[in-house]
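Shown next, in structure tokens, is the structure this report addresses.
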Amino acid sequence: MAYKTIQVKTEGRVGVITFSRPEALNALCDELTTELATVLTAFEKDGGIGCVVLTGSKKAFAAGADIKELQARDFVSLYMQDPFAETWEAVARFRKPIIAAVSGYALGGGCEIAMMCDFIIASQTAKFGQPEINLGVMPGAGGTQRLPRAVGKAKAMDMCLTGRMMDAEEAERSGLVSRVVPAEDLLDVAMEAAEAIAVKSLPVAMMTKESVNRAYEIGLTEGVRFERRVFQSQFALEDQSEGMSAFAEKRAAHFKHR
Ligand code: CO8
């Protein structure tokens, strides 16, 4: 299927989605978020996909929601036809592992979409920010919630209230990104990470993601209890016996469910 605002390809078991609106620094217009949600739905159903990489251009992962489109909205239209719930949240709802590979600007909704991914690999040129306050609004796609969980209250308040940008080095130091790499290596490193994930047992990778995400939702005792139950349930999988047998036999594991 041909898309207008994103490029989609698969490499082995990795799905790669590239934002492609160079004329607007990949601003996230309705058409883009709809196309993104459509592809994620297809990737989730596709047994051949074990991990997804979401990326943009060298200059911009995404410079935020499309301000020219947002400008025309009013409260009732946003409330009645909640575009955020319909499309943007598809990234957060996606059940398979998804990595954001960020180069250049990840601002506003761009930063928020990156934070919905499981982890962010950034190029040295990456710049993160929640500049919505400069537009007379506040973050509306999870920024006030996911940023403090990632970097703590002090930096999240600083970013959301001043609207300043954080460079890649500060983002790594603050825990927003998992690794920083030279710009020219960004996609290779993200693909390598995605390929490493995609050869694991897919149900186990999905359960691992679900369990880590629980840490953001519930307390420690309940979280550990949830983890333990899921861990125990994995002993019903052939992939558990294959993984442990392969270790004992000093060979690579070949997981059935991937
Ligand atoms: N929306 C629409 N167009 C944009 C956006 C955007 N967010 N960002 C850049 N563009 C366009 C510019 O208008 C320009 O177009 P044109 O050439 O037609 O004038 C083109 O992209 C290139 O941009 P610049 O000339 O500004 O490039 P610079 O290199 O000078 O500056 C910046 C780069 C600093 C990134 C600058 O473009 C900028 O500040 N952009 C806006 C960043 C911003 O404020 N983002 C937050 C947007 S609001 C948001 O994300 C809310 C999320 C919640 C949504 C919930 C939805 C339901």
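Surface composition of segment 1-55: carbon plus sulfur atoms hold 53% of the accessible area, using a 1.4 angstrom probe and ignoring ligands, DNA and RNA. Phi angles across segment 171-178 convert, under the Karplus curve 6.51 cos²θ - 1.76 cosθ + 1.60 with θ = phi - 60°, into 3J(HN,Hα) values of 5, 6, 4, 8, x, 6, 10, 8 Hz, Gly and Pro given as x.
Secondary structure note: in segment 77-165, about 10% of the DSSP beta bridges are antiparallel. For the set Ile218, Ile113, solvent exposure ranked by accessible area (probe 1.4 Å, protein chains only) runs largest to smallest as Ile218, Ile113.
Against the empirical curve 2.2 N^0.38 Å, the C-alpha radius of gyration of the chain lands at a ratio of 1.04.
Assign one of three labels to segment 22-77, namely rounded, prolate or oblate, based on the Cα gyration tensor with a ≥ b ≥ c the square roots of its eigenvalues; rounded applies when a/c is under 1.5, prolate when it is not and a/b is larger than b/c, and oblate otherwise.
The shape class here is oblate.
Classify segment 201-249 as rounded, prolate or oblate, taking a ≥ b ≥ c as the square roots of the eigenvalues of its Cα gyration tensor: rounded when a/c is under 1.5, otherwise prolate if a/b is larger than b/c and oblate if not. Prolate, because a/c is 1.5 or more and a/b exceeds b/c.
Express the C-alpha Rg of segment 108-258 as a ratio against the empirical globular expectation 2.2 N^0.38 Å, rounded to two decimals. Show your work: numbers first, answer last.
Values: Rg = 18.9 Å, N = 151, 2.2 N^0.38 = 14.8 Å.
Relative to the 2.2 N^0.38 Å estimate, segment 108-258 comes out at 1.27.
How large is the translational diffusion coefficient of segment 65-149 in µm² per second when you combine the Kirkwood radius over alpha carbon pairs with Stokes-Einstein at 4 °C and 1.567 mPa s? D, rounded to a whole number, is 94 µm²/s.
As a fraction of the 1.4 Å probe accessible area of segment 119-258, surface on carbon and sulfur atoms comes out at 58 percent.
Restricting attention to the chain, close to 30% of DSSP beta bridges with both partner residues there are antiparallel. Computed from the Cα positions only, the extents of segment 1-109 along the three principal axes stand at 43, 31, 23 Å, in decreasing order.
Answer rounded, prolate or oblate for segment 71-110, using the Cα gyration tensor with square roots of eigenvalues a ≥ b ≥ c: rounded when a/c is under 1.5, else prolate when a/b is larger than b/c, else oblate.
Since a/c reaches 1.5 but b/c is at least a/b, the shape of segment 71-110 is classed as oblate.
Positive contributions from Lys and Arg (+1) and negative ones from Asp and Glu (-1), summed over other residues with Cβ under 10 Å from the Cβ of Gly104, come out at +3. For trypsin sites (Lys or Arg not before Pro), the sites in segment 211-255 that DSSP calls loop and that have at most 11 other Cβ atoms within 10 Å are Lys250, Arg251.
The protection proxy used here, the mean number of other Cβ atoms lying within 10 Å of each residue, ranks peptides 173-186, 17-30 as follows, highest first: 17-30, 173-186.
Counting only heavy atoms of protein chains, what accessible area per residue, in Å², does segment 6-198 have with a probe of 1.4 Å? It would help to have the intermediate numbers written out before the result.
Numbers: 8750 Å² over 193 residues.
Accessible area per residue: 45 Å².
I need the Debye-formula profile for segment 150-237: one equal scatterer per C-alpha, no solvent, reported as log10 I(q)/I(0) at q = 0.20 1/Å, two decimals. Per q value, in the given order, log10 I(q)/I(0) is -1.05.
The packing ranking, built from the mean of other Cβ atoms within 10 Å per residue, places the peptides 198-204, 62-68 in the order 62-68, 198-204, highest first.
The values are calculated or read from the model by the stated rules, or taken from the named source; none is laboratory data. It should be emphasised that the depicted structure is a prediction, and the values quoted were computed from it without experimental measurement. Using ideal geometry, Cβ is built from the backbone for each residue, glycine included, and neighbour counts are taken over all protein chains shown. These area figures cover heavy atoms from the full protein model, side chains too; ligands, DNA and RNA do not enter into them. Shrake-Rupley method; radii C 1.70, N 1.55, O 1.52, S 1.80 Å.
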